[in-house]
1. Got a number for residues in the range 157-178 being free of Cβ contacts under 8 Å to residues at least 24 places away in the same chain and either under 28 Å from Val113 (Cβ atoms) or touching a Lys or Arg at 6+ places or on another chain (Cβ under 6 Å) (or both)?
2. Criterion first (in the same structural domain as Asp157 (by TED's automatic domain parsing), in a helix (DSSP H, G or I) and exposed (fewer than 15 other Cβ atoms within 10 Å of the Cβ)) does Asp223 satisfy it?
3. In the range 34-46, is there at least one residue being among the hydrophobic types (A, V, I, L, M, F, W, C), closer than 24 Å to Glu85 by Cα and touching a Cys at 6+ places or on another chain (Cβ under 8 Å)?
4. Out of all the residues in the range 14-27, which are surrounded by 16 or more Cβ atoms within 10 Å (Cβ to Cβ) and either among the hydroxyl-bearing types (Ser, Thr, Tyr) or assigned to a strand (DSSP E or B) (or both)?
5. Which one of the conditions (1) under 15 Å from Cys120 (Cα atoms); (2) surrounded by 13 or more Cβ atoms within 10 Å (Cβ to Cβ) does Ile90 fail to meet, given that it meets all the rest?
Amino acid sequence: MPEKTIPILPCRTLQPVLDFYTALGFEVTYQQRSPNPYAVVERGGIELQFFAMKQYEPAVSISTCYVLTDDVDGLYQAFRAGLKETYGRIPTRGLPRVGPLKDMTYGVRQFLVTDPGGNCVRVGQRTGGERHHGPAPQETFARALHFASLLADSKGDPAGAAKVVDRALALTDETPTRVQLLQLLVLRADAAARLGDEEAAVTGLARAAALHLTAAERDQGRDALTRLADLRGSLRP
């Protein structure tokens, strides 16, 4: 058989992790309780293995892996549907959580899923031949979105992302397009929610939802609109 790489990821206890992946449509194909807790989940061609250790701290985990797919939009919608059915909402902050679907500058369209064990599973589809970062956009607001997205998603620095967006929104001599404004407001609200500032998150989402967009603009900003809906659902009492 051809070679296959299988990530083995840590967690504190297995059951919350297995329940989470079951919600995403995975099947638990193996589980061992002793002498060492261990389990395997599978969904199509994706296989993830987990081991439990009591001294593990999910909140500071840096464990990650990458899943390549030829249907990232389909997986994103399936994962969101499963999470909403299980949790009654799309979890967007804390553990577990699912991030926004975005086109990245290094030739992939991707989203991040972080499980209850703190493991970040990046799911992406290649959209171009380049596998390294292209040059940053020169236009002011495209550049702000570029760097804020990298900080929020790739680096896990929502505070840094918030600062970039705030600087862009404070400009008085330039104006973003309506789609750019939508994307900036949603990204800023996302960062605020992750930082625990619900008031700022709710305010930003209300501003974004109040934008009057044409059908073409809604299509161009569909990823941000999807994230807007998920954030509003997760912040609802």
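1. Selection size over the range 157-178: 5.
2. Answer is no for this residue.
3. Checking the range 34-46: not a single residue is among the hydrophobic types (A, V, I, L, M, F, W, C), closer than 24 Å to Glu85 by Cα and touching a Cys at 6+ places or on another chain (Cβ under 8 Å).
4. Residue satisfying the conditions is Tyr21 alone.
5. Single failed check for Ile90: (1).
Residue-by-condition table, conditions (1) more than 21 Å from the chain's Cα centre (by Cα); (2) crowded, with 17+ Cβ neighbours inside 10 Å:
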{"site": "Gly124", "(1), (2)": "no, yes"}
{"site": "Leu169", "(1), (2)": "yes, no"}
{"site": "Arg178", "(1), (2)": "yes, no"}
{"site": "Leu184", "(1), (2)": "no, yes"}
{"site": "Ala189", "(1), (2)": "no, yes"}
{"site": "Leu195", "(1), (2)": "no, no"}
{"site": "Ala201", "(1), (2)": "no, yes"}
{"site": "Leu231", "(1), (2)": "no, yes"}
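One line per residue, one yes/no per condition, for (1) outside the structural domain of Phe50 (by TED's automatic domain parsing); (2) within 28 Å of Val17 (Cβ to Cβ); (3) part of a helix (DSSP H, G or I); (4) hydrophobic (A, V, I, L, M, F, W, C):
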position: Pro116; (1), (2), (3), (4): no, yes, no, no
position: Leu145; (1), (2), (3), (4): yes, no, yes, yes
position: Ala152; (1), (2), (3), (4): yes, yes, yes, yes
position: Ala162; (1), (2), (3), (4): yes, no, yes, yes
position: Pro176; (1), (2), (3), (4): yes, no, no, no
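The values are calculated or read from the model by the stated rules, or taken from the named source; none is laboratory data. All values derive from a computational prediction rather than experimental measurement. Backbone-built Cβ (ideal geometry, glycine too); neighbour counts: all protein chains shown.
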